[in-house]
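Scroll down for the structure; my scribbles are underneath it.
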Amino acid sequence: MVASSEKPSFVELYTPKLLTVLREGYGPASLKADAVAGLTVAIVALPLSMAIAIASGVTPDRGLYTSIVGGFIVSALGGSRFQIGGPAGAFIVLVAACVAAHGIDGLLLATFLSGLMLAAAGLLGLGTFIKYIPYPVTVGFTAGIAVIIFASQIKDLLGLTLAHEPGPLLPKLQALAGALPTVSPAAVLVTAVTIGIILAVRRLRPHWPSFIIGVAVASLGAALAGAPVETIGTRFGGIPQTLPMPHLPAFSWDKAVAVLPNALSFTLLGSIESLLSAVVADSMTGRRHRSNCELMAQGLANMASPLFGGICVTGNIARTATNVRSGARGPVSGMLHAVFLLLFMLIAAPLAAFIPLAALAGVLAVVAWNMAEKQEFATLIRASRGDAVVLLLTFLLVIFVDLTTGIVAGFVVSAMLFLHRMAQSVAIENGLPMLDEDKADGVNGNGRGPYDAAPATDPDMVVVRISGAFFFGAAAAVGAALDRIGEAPKAYVVDLSAVSLLDSTGAATLEGFVRKADRQGAVVHIAGAKRAVRRTLLAHGIRRPRVRFAASVNDAVAAGRGAGQDEAAAP
């Protein structure tokens with residue numbers, strides 16, 4: 001069947017994935033699978049939502065409101081089948097800064113304005129451009145956020161007594177160091193028990209909800225022992241058992257202008273975080289999300305959340321991955337996750353008063369450790385000086401200045417490095433232009449043999465040719481093209497002979513393709529990679545046995561056919 005080349009209509013592009021799934025046929029088996037996945041994600045989200053809210057400088061109930069209201073809308077109206085929305089650790093720094101500067105009313109207004117901006121970005125089709133964020137920038141700002149989250153939890157991890165905790169990292173660490181004599185042994189013990197149980201459950205029973213088990217055991221032990229630790233009840237008086245009535249945030253032009261920079265920061269981070277989460281879900285399932293529809297849903301969720309007192313909503317990578325691994329079939333699982341959280345709040349809210357803050361801090365410490373992307377960080381440091389500069393610049397600016405500055409600076413430096421690399425690449429290629437102009441058939445035919453149709457028609461092999469500069473600006477398009485290859489061959493041949501430049505984002509895109517092919521049992525042959533390109537591939541872990549290198553496409557095709565014949569001949 002030949003795919004239609006007609007441009008999709010507005011309705012087709014912005015139809016929620018929920019309707020797509022229902023049209024495909026949604027029966028009792030799918031509902032059961034989604035219910036199990038939704039319950040699993042809700043159990044994970046329950047302690048996380050409260051912990052993130054507390055770390056953000058607001059009460060724990062606002063984290064639950066965010067997951068219930070925002071999470072339901074993200075799943076019901078989004079462009080991803082598996083996205084789970086709610087409060088995210090990445091927002092802790094931005095939300096806390098907004099609350100400190102403008103109060104709760106300012107935060108709710110900034111969140112609502114951010115929702116308007118996200119919806120507008122989706123309508124204007126800007127979701128496509130978010131994919132152009134370079135890979136070192138995403139790793140750098142994620143690692144920076146992880147450091148800040150961990151630093152924000154040291155006070156509760158150790159049970160320190162501190163009259164005022166500064167926001168910037170260095171003054172914060174100085175204040176925490178001065179408060180070390182007030183450390184609480186009981187809080188340290190609760191922290192250790194929580195983290196220890198989470199790590200043990202993940203190792204011994206990886207499918208069990210480690211967060212809720214760790215928090216429940218630590219809370220029960222602290223309550224039975226009468227440990228002198230601060231709890232949700234002692235600090236916040238517990239959490240309500242119902243959702244509040246919706247109402248618009250307090251509005252004035254002066255207030256709107258004052259919180260506009262915060263709203264812009266929420267919009268930038270929310271769009272990046274949610275689309276990265278959708279991409280992770282795509283890589284795990286082989287499906288494709290629609291980025292602009294997803295931004296529309298994120299915008300509507302961020303407009304609805306503050307109506308109920310909630311904070312910023314975004315797609316969450318960890319909870320989305322949990323949703324996929326739990327066997328979700330579609331968006332109904334995310335909607336049910338919100339319903340289950342509402343039921344937990346209605347039934348078990350009084351029990352939340354006994355949860356020690358040290359236990360929730362332990363949960364966020366584990367989240368921060370997992371967020372840091374340590375392996376990717378080390379790979380980029382080794383990959384090239386340029387990638388290391390972008391990574392470290394973004395990382396340090398996020399930690400010591402702010403998130404928006406780090407992302408913008410990292411992107412600008414990445415663009416400058418790309419121009420420099422392209423200049424070098426063109427020089428190395430003896431001044432050949434970046435794009436070949438049309439030539440006469442006689443010129444194109446010089447030295448070439450007759451066209452061989454076999455590679456294009458072989459059902460057991462797919463040949464993919466990539467040409468030009470494979471950098472962060474082109475990685476999204478190439479990645480989408482690779483993902484759209486619908487065949488299930490025994491071998492792929494990726495011809496890189498015409499690739500003049502490969503950066504870390506392009507390498508990460510190829511690594512994801514190789515990983516997916518490996519899961520399908522297909523061998524990937526990379527042909528014609530120049531020395532610099534091959535060095536970048538090796539630095540990102542694209543090596544044997546998952547891939548095999550060949551000098552030319554013909555050699556790669558011959559090797560692929562030989563492997564297929566050997567497999568067919570095996571008893």
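The values are calculated or read from the model by the stated rules, or taken from the named source; none is laboratory data. Every value quoted in this text rests on a predicted model; they were computed, and no experiment measured them. Virtual Cβ from ideal backbone geometry, glycine too; neighbours counted across all protein chains shown. The protein model used for the area step is the full one, side chains on, heavy atoms only, and it has no ligands, DNA or RNA in it. Shrake-Rupley method; radii C 1.70, N 1.55, O 1.52, S 1.80 Å.
At a probe radius of 1.4 Å, what is the per-residue accessible area of F411, in Å² to the nearest 10?
70 Å²
How many nm is it between the label spots at L248 and V339, if each spot is 7 Å from the Cα in line with the beta carbon?
3.2 nm
Ignoring ligands and nucleic acids, what accessible area does T404 show with a 1.4 Å probe (Å², nearest 10)?
Approximately 40 Å² of T404 is accessible to the 1.4 Å probe.
Where does the charge balance sit around S80 when Lys and Arg score +1, Asp and Glu -1, over other residues with C-beta under 10 Å from its C-beta?
Every neighbour counted, the sum reads +3.
With a sphere of radius 15 Å drawn around the Cβ of E376, what net charge do the other residues whose Cβ falls strictly inside it have (Lys, Arg +1; Asp, Glu -1)?
-1
Using modelled amide H (1.01 Å from N, peptide plane; none on Pro or chain starts), what sits under 5 Å from the amide H of A353, excluding residues fewer than 5 places away?
When sequence neighbours closer than 5 places are left aside, the close amide H contacts are I239.
With θ taken as phi - 60° and the coefficients 6.51, -1.76 and 1.60, list the Karplus ³J(HN,Hα) couplings across the stretch 241-250 in order, rounded to whole Hz; mark glycine and proline as x.
Coupling constants for the stretch 241-250: 9, 9, 6, x, 5, x, 7, 5, x, 4 Hz.
Show me 357-365, 327-335, 223-231 ranked by packing, highest mean number of other Cβ atoms within 10 Å first.
Packing proxy ranking, top to bottom: 357-365, 327-335, 223-231.
Residue by residue through the stretch 215-232, which ³J(HN,Hα) values in whole Hz follow from phi under the Karplus form 6.51 cos²θ - 1.76 cosθ + 1.60 (θ = phi - 60°), with glycine and proline marked x?
5, 5, 5, 5, 5, 4, x, 5, 5, 5, 7, x, 5, x, 10, 6, 10, 4
Only Lys, Arg, Asp and Glu count, each charged at its Cβ (+1, +1, -1, -1), so figure out the dipole size of the stretch 295-397 about its Cα centre, rounded to 20 debye.
For the stretch 295-397, the charge dipole is close to 180 debye.
Which value in nm describes the separation of the simple spin-label points at R202 and F10, placed 7 Å from the Cα toward the beta carbon?
With each label point 7 Å from Cα toward Cβ, the separation is 4.6 nm.
For the stretch 321-372 and the stretch 184-225, write down the distance between their C-alpha centroids in whole Å.
Spelled out, the Cα-based centre of one part sits 15 Å from the other.
Ranking request for peptides 526-536, 388-398, 164-174: highest mean number of other beta-carbon atoms within 10 Å first, then the rest in descending order.
388-398, 526-536, 164-174
If DNA, RNA and ligands are ignored and the probe is 1.4 Å, what is the ranking of L77, L351, L336 by accessible area, most exposed first?
The ranking, largest first, comes out as L351, L77, L336.
Under a plain spin-label model, where a point goes 7 Å from the Cα along Cα-to-Cβ, how far apart in nm are L173 and L116?
Result for the modelled spin labels: 4.0 nm.
Once Lys and Arg get +1 and Asp and Glu get -1 on their Cβ, which of G330, A383, V398 lies farthest toward the positive end of the dipole of the stretch 287-402?
G330
Using the per-residue mean of other Cβ atoms lying within 10 Å as a proxy for protection, in what order, highest first, do the peptides 370-376, 107-113 fall?
107-113, 370-376
Report the full-extension gain for the segment L180 to V147: residue separation times 0.36 nm, less the Cα-Cα distance, to one decimal in nm.
9.9 nm
Can you tell me how much longer the chain between A258 and A225 gets when fully stretched, taken as 0.36 nm per residue apart minus their C-alpha distance, in nm with one decimal?
Stretched fully, the A258-A225 segment lengthens by 7.1 nm.
When N is the residue count of the stretch 203-268, what does its C-alpha Rg come to as a fraction of 2.2 N^0.38 Å?
After normalising by residue count via 2.2 N^0.38 Å, the value is 1.87.
How large is the dipole of the stretch 1-124 about the Cα centre if only Lys and Arg carry +1 and Asp and Glu carry -1, each at its Cβ, rounded to the nearest 20 debye?
Using Cβ point charges on Lys, Arg, Asp and Glu, the stretch 1-124 gives about 160 debye.
Say R0 is 56 Å: what FRET efficiency, to the nearest 0.05, do R385 and L346 get from their beta-carbon distance?
0.50
Say the cut-off is 29 Å between C-alpha atoms; which of K17/K374; K32/K374; K255/K374; K17/K516; K490/K530 go over it?
K17/K374; K32/K374; K255/K374
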